[in-house]
Amino acid sequence: MQYFVTGATGFIGKRLVRKLLQRKGAVVHFLIRRESEAKVAGLREYWGVGPTRAVPVFGDLTEKKLGVSADDIKALKGQVDHFFHLAAVYDLGADEESQVAVNIDGTRHTLELAKAIGAGHFHHVSSIAAAGLYEGVFREDMFEEAENIDHPYFMTKHESEKLVRAESKLPWTVYRPAMVVGDSQSGEMDKIDGPYYFFKLIQRMRQILPPWMPSIGLEGGRINIVPVDFVVSALDHIAHGERKGGECFHLVDPVGYRVGDVLDIFSKAAHAPKMNLFVNAALLGFIPKSVKKGLMALAPVRRVRDAVMKDLGLPEDMLTFVNYPTRFDCRATLAALKGSGVECPNLKDYAWRLWDYWERHLDPDLHRDRSLRGTVAGKVVLVTGGSSGIGLAAAHTFAEAGATTIICGRDQDKLDEACKEAKAKGYEFIAYPADIADMADCDRFTQLLVRNHGGVDFLINNAGRSIRRAIEGSYDRFHDFERTMQLNYFGCLRVTMGLLPGMVQRRRGHVVNISSIGVLTNAPRFSAYVASKAALDAWTRCASSEFADQGITFTTINMPLVRTPMIAPTKIYNNVPTLAPEEAADMIAQACIDKPVRIATRLGLTGQVMHALAPRIAQIVMNTSFRMFPDSAAAKGEKGAKSQLSPEAIAMQQMMRGIHF
């Protein structure tokens, strides 16, 4: 048996050729461009055959008779039993011109060649997209009934199939695969397509929320997904049956799922939060098209839409298909496959393999330079409060990565000691004494930075002070609130605003503000500290909106409790699980690499959600912790006294890792 295959190097075609070559004595002639000749050896190795069984035919889909030479046509004449046409553009985002050239014109040229060589049977691999957005059940014997084929992908798939039906001089069979995903056994896939576009969203949900947390998903329309191994096996079996010609087969999943069900299946496969509540996406359908068009004409609306789609890695047209209205009958396919052992597996049984392969091989983040060195090497990084604690650990991290690392602090001796540490490790800090709580000194310092370094590329606003004292113990200590605000809020702003003009001029810069988990949980006994950090958070949200189109980005880190000199006076923290400064430095490094809007722990986010959804319950929980954990001896002004904790308090310490008490 001899075959001719177009698209033999593609995802489906490559596997179909391997399947065909498993037949005894089979010979496959496959179309390949002359400039891709170097791929032939690799293809034969993949197929496990030699030159006599896998024969390249050089040509081009965009040329008459596929550009195949007269000699090759003569040699192939009367030799080919089955001609498989798989070459096509399978990309919703491709431009219309390229889709027309390949899907329509390419099919016309393929029919010309198939006729010229006198092939026995023409097998055209179309797509369920040929049905357009048909409202209802689309049968295998339906074609002209297709609706809403305005989209280039739908239109070209429909028109290419129309050519086969109208112009083929050979017996023909059409196959319409559903949305093809990876292999159900290995998970192997060659690109991000279809449901894979939502994998990044699912991954982010997993990173933010625990798997038991219920989440909301879109119900959407029904979409049909099939694994590539099913498509290949079905093609092979049906093509070799007794075919009378003029038939069409839907290679689809007889079950089919709604969009929300598919997302929930993959969420379970990824161990992400399950989507227990679904919102019907059809609710958006009540908005008139004229209103939608008018909204999209507004630049701010387009920017928001584009930013969201880009952030989630979704193609522009993806939302068009969320309410996919078509279901596909496949009775002819089921009858043709009966007794063959070929059947579409249940998505629930192989979704985990698709997810695993994507996360190991296709996740876009795998192909990014995610190293800190790639981000900050040769750049100027300023870490305020860099002579100790989190700031010092972060400074070491940046300097090791090749950044020009500047630290500042009030204590010259500590700065000198930090510089000695750096030198001993084989790099150096540039240290400047500066009092961030003094506005005049902030101005002097930022002007010095501009003069000596041209400004900074990364600003880490780390300098701060924390006061742990109940409000009832602060009636006569209003200065606690003033000095905390002066450093944590005003000082931070003064430095940032002194360096922002240079960032704007260069149209690049990233600001990392070290905030607190207490802002999310509203931790008692930290009213002065939390209020100052909350003010900084609010300012950052405003600033990030103002500078979003100027290349300046901001990240707020709601830092959990870190073992630093700042918490040393509170002795009850000695037995509390805390982060090491180096772990906190890793969070800062990640903020510079990924530049997210916020970095927060799951515990912090849970606290924020609690305060938003059930504020009274949140107050009771926090009040309980407030009464359970007394003021420290330092806060009470007692020297040498030891704070005693109840067994309940100790147990709660262990449960609530990293939260401020």
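Quick note: the coordinates plus some simple rules give every number you see, no bench work behind them. Bear in mind that the values here come from a model prediction, so they are computed numbers and not experimental data. Note that each Cβ is placed from the backbone with ideal geometry, even for glycine, and that neighbours are counted across all protein chains shown.
Neighbour counting of Cβ atoms within 10 Å sorts the residues His123, His367, fewest neighbours leading, into His367, His123.
Annotation for Arg34 and Gln505: the two label points, set 7 Å from Cα along the Cα-Cβ direction, are 5.6 nm apart. Each Cα pair under 8 Å and six or more residues apart adds its sequence gap; the mean of these over the residue count of the stretch 30-129 is a relative contact order of 31 percent. The relative contact order of the stretch 412-534 comes to 31 percent, based on Cα pairs under 8 Å that sit 6 or more residues apart. By count of other Cβ within 10 Å, fewest leading, how are Trp172, Trp352 ordered? If I rank by nearby Cβ atoms, fewest first, I get Trp352, Trp172. Relative contact order for the stretch 1-177: 21 percent, from Cα pairs under 8 Å spaced at least 6 residues apart, divided by residue count. Legend: ranking of residues Leu366, Leu235 from fewest to most surrounding C-beta atoms inside 10 Å; resulting order Leu366, Leu235. Residues whose amide H falls under 5 Å from that of Thr555, counting only those 5 or more places apart or on a different chain, are Val511, Val512, Asn513, with hydrogens built in the peptide plane. Taking a ≥ b ≥ c as the square roots of the eigenvalues of the Cα gyration tensor, an a/c ratio of 1.5 or more together with a/b larger than b/c marks the stretch 1-177 as prolate. Does the stretch 379-508 come out rounded, prolate or oblate by the C-alpha gyration tensor, with a ≥ b ≥ c the root eigenvalues, rounded set by a/c under 1.5 and, if not, prolate when a/b is larger than b/c and oblate if not? Oblate is the answer for the stretch 379-508, as a/c is 1.5 or above yet b/c matches or exceeds a/b. Working note: Karplus 6.51/-1.76/1.60 with θ = phi - 60° gives the stretch 374-390 the couplings x, 8, 10, 4, x, 9, 9, 10, 10, 10, 6, x, x, 8, 7, x, 4 Hz, where Gly and Pro are set to x. Simple spin-label estimate for Ala335 and Ser69 gives 4.7 nm between the two label positions (7 Å along the Cα-to-Cβ direction from each Cα). For Phe249, the residues whose amide H sits under 5 Å from its own are Val174, Tyr175, Arg176, ignoring neighbours fewer than 5 places away on the same chain, with H placed 1.01 Å from N. In this structure, the amide hydrogen of Ser388, modeled 1.01 Å from its nitrogen in the peptide plane, lies closer than 5 angstrom to no residue at least 5 positions away or on a different chain.
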